[in-house]
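Novice: Could you have a look at this structure, given as structure tokens, before my questions?
The values are calculated or read from the model by the stated rules, or taken from the named source; none is laboratory data. Small disclaimer: the values here were computed from a predicted structure and weren't measured. Reconstructed Cβ throughout: ideal geometry from the backbone, glycine too, with neighbour counts over all protein chains shown.
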Amino acid sequence: MELLFKILFYISAFIIVWGMVGYPVSLKIIGKIYKSRKLKKDYNHQPTVTVMVVAHNEEKVILDKLQNIIELDYPKEKIEFLISSDNSTDRTNEIVKKFIADHSEYNIRLYEVKARMGKTNAQNEAQKTVATEYLVMTDANSMMDKNAVKELMAAFTSDDIAYVSGRLSIVNQEASDVSNAEASYWDSDLAAREIEGRIQTITAGNGALYACRTKGYYDFNPIQCHDSAMPPLYALEGKRAIANHDAIAYEKAGEVIEDEFGRKVRMNRIILKHILPDIRILNVFKYGWFSYFYFGHRTCRYLLWISHLLLFVSSALLIRESWIYSVAFLGQTIFYLLALLRAVTKSQNKYLTLIYYYTVTIIAQWVGVYRIITGKARPFWEKAESTR
């Protein structure tokens, strides 16, 4: 049993350290080696585009979103707007219909989903009504930079590029310690995606802003989300998913921990499948850098919930065997106590907040796993009000 505990200790420690420190550092080194690889753009590439907005009970922000998308800088005769309302029961549909009537010079349509089954299903249904060459997806509470569509389309410079993700910019970073921690995490993740994309392919996008070819759209199961499902799908087909961070969407992060926790639980509603969604990913000889990227950026991070538990338990059981296990156990105990201290005192200390934020992220993974096992995972969720 002692050998088993040691194996669990070192495997768990490796997953945590590699996922959070080793992989990002290695990626920076790889990025410098491949510094000659740059994102190519062709601003003459201006195909027909449908901008799709999925909304469920978004009466607070939908009018601002509609005004935002009609101000996009893109040839008017080549752009359409499609609002897919996911069984909204508030004034969302009413607001959209009035806006369409008042702005008849724009090609705006409302698609009403009859049964609420979540964002992905709303996209699946509405996509079947699209006739343009490309689709741009964006959230109701994400305000797009006026050049966002132009930038996304400019990045489709070759037939093997199937997906382009934009950059989500957090506008309320200084509003609270929670939004600040989320913005800091997101900035580091964006840096990793930029390198992955220009070398080969990103491992995930973001729901605030991304684009794909209409003919390459795939009807995913509603429990899945395009953010995490599309890039691996295209990579395994020998295509590329890339990031163009000059295509920008602005959004608020959760300003209270309850909202951010709920968002992370929702993100983990299919975490077990994401650990290794397809065994082919392991074939580094065929998929090259993508295999390396996915293991470091996704597999390791999706295993944090179990790795932290196994590391804590194994170090506790091995504490008398070596000072290494004693230090590891003591360090973990102090770490979790500091997170608890932050939760109780509401301290504004940035280091305590980062520890607390990270711990909450791990707990959210556990909740996601629990919901999967108990059959409580759902394709829809209640939005975070502090992000509106």
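Novice: Which condition from (1) crowded, with 17+ Cβ neighbours inside 10 Å; (2) modelled with pLDDT of 95 or more; (3) not β-branched (Val, Ile, Thr) is the one that ASP64 breaks?
Specialist: (1)
Novice: With (1) on the phi < 0 side of the Ramachandran plot; (2) in a loop (DSSP other than H, G, I, E, B); (3) of a type outside the set (S, T, N, Q) as the list, and GLY375 as the residue in question, which single condition is left unmet?
Specialist: (1) is the only condition that GLY375 fails.
Novice: Are any residues in the stretch 342-351 surrounded by 15 or more Cβ atoms within 10 Å (Cβ to Cβ) and within 18 Å of HIS308 (Cβ to Cβ), and if so, which ones?
Specialist: If the condition is that a residue be surrounded by 15 or more Cβ atoms within 10 Å (Cβ to Cβ) and within 18 Å of HIS308 (Cβ to Cβ), then ARG342 is the only one that fits.
Novice: On the basis of being part of a loop (DSSP other than H, G, I, E, B) and either touching a strand residue (DSSP E or B) at 6+ places or on another chain (Cβ under 9 Å) or closer than 27 Å to GLY216 by Cβ (or both), does ASP90 make the cut?
Specialist: no
Novice: Which of the numbered conditions does THR129 fail, given that it passes all the others? Conditions: (1) among the β-branched types (Val, Ile, Thr); (2) under 25 Å from the mean Cα position of the chain (by Cα); (3) surrounded by fewer than 20 Cβ atoms within 10 Å (Cβ to Cβ).
Specialist: Exception for THR129: condition (2).
Novice: I've got another one for you. Considering (1) over 30 Å from ALA241 (Cα atoms); (2) assigned to a helix (DSSP H, G or I); (3) of a type in the set (Lys, Arg), say which one ARG320 fails and leave the rest.
Specialist: Checking ARG320 against (1) over 30 Å from ALA241 (Cα atoms); (2) assigned to a helix (DSSP H, G or I); (3) of a type in the set (Lys, Arg), the one that fails is (2).
Novice: Does ARG298 meet the test of being crowded, with 19+ Cβ neighbours inside 10 Å and under 27 Å from ASP145 (Cα atoms)?
Specialist: Considered against the rule, which asks whether it is crowded, with 19+ Cβ neighbours inside 10 Å and under 27 Å from ASP145 (Cα atoms), ARG298 comes out as no.
Novice: Could we say that LEU39 is touching a residue at least 60 places away in the same chain (Cβ under 8 Å), hydrophobic (A, V, I, L, M, F, W, C) and surrounded by fewer than 17 Cβ atoms within 10 Å (Cβ to Cβ) here?
Specialist: yes
Novice: If a residue has to be closer than 30 Å to ALA377 by Cβ and under 26 Å from the mean Cα position of the chain (by Cα) to count, how many in the stretch 337-366 make the cut?
Specialist: 16
Novice: Here's a follow-up. Please go through the stretch 251-298 and give me each residue that is among the acidic types (Asp, Glu) and under 28 Å from THR374 (Cβ atoms), ordered by number.
Specialist: Scanning the stretch 251-298 gives GLU258, ASP259, GLU260, ASP278.
Novice: For the stretch 10-35, give me each residue that is within 11 Å of ILE199 (Cβ to Cβ) and not basic (Lys, Arg).
Specialist: LEU27, ILE30, GLY31, ILE33, TYR34
Novice: Right, here's the next one. Looking only at the stretch 303-311, decide whether some residue is closer than 18 Å to ASN268 by Cα, of a type in the set (S, T, N, Q), under 21 Å from the mean Cα position of the chain (by Cα) and part of a helix (DSSP H, G or I).
Specialist: no
Novice: Ok, one more. Sort out which residues of the stretch 206-216 are modelled with pLDDT of 95 or more and either within 10 Å of MET137 (Cα to Cα) or in a loop (DSSP other than H, G, I, E, B) (or both), and write them in order of number.
Specialist: If the condition is that a residue be modelled with pLDDT of 95 or more and either within 10 Å of MET137 (Cα to Cα) or in a loop (DSSP other than H, G, I, E, B) (or both), then LEU209, TYR210, ALA211, CYS212 are the ones that fit.
Novice: Being of a type in the set (Phe, Trp, Tyr) and not in a helix (DSSP H, G or I) is true for just one of PHE99, PHE81. Which residue is that?
Specialist: PHE81
Novice: Just name the residue that is modelled with the lowest pLDDT out of those in the stretch 1-28 that are farther than 18 Å from ILE362 by Cβ and more than 24 Å from the chain's Cα centre (by Cα).
Specialist: MET1
Listed here are the residues, each with its yes/no results for (1) out of contact with any Leu (no Cβ under 9 Å at 6 or more places or on another chain); (2) over 17 Å from LYS6 (Cβ atoms); (3) at pLDDT below 95; (4) not β-branched (Val, Ile, Thr).
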| residue | (1), (2), (3), (4) |
| --- | --- |
| HIS297 | no, yes, no, yes |
| TYR302 | no, yes, no, yes |
| VAL313 | no, no, no, no |
| LEU317 | yes, no, no, yes |
| ALA328 | no, no, no, yes |
| TYR336 | yes, yes, no, yes |
| ALA343 | yes, yes, yes, yes |
| LEU354 | yes, yes, yes, yes |
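Novice: Next question. For the stretch 217-235, check the following and say yes or no: at least one residue is of a type in the set (Phe, Trp, Tyr), closer than 21 Å to MET153 by Cβ, within 18 Å of the chain's Cα centre (by Cα) and part of a helix (DSSP H, G or I).
Specialist: Yes, there is a match, as at least one residue in the stretch 217-235 is of a type in the set (Phe, Trp, Tyr), closer than 21 Å to MET153 by Cβ, within 18 Å of the chain's Cα centre (by Cα) and part of a helix (DSSP H, G or I).
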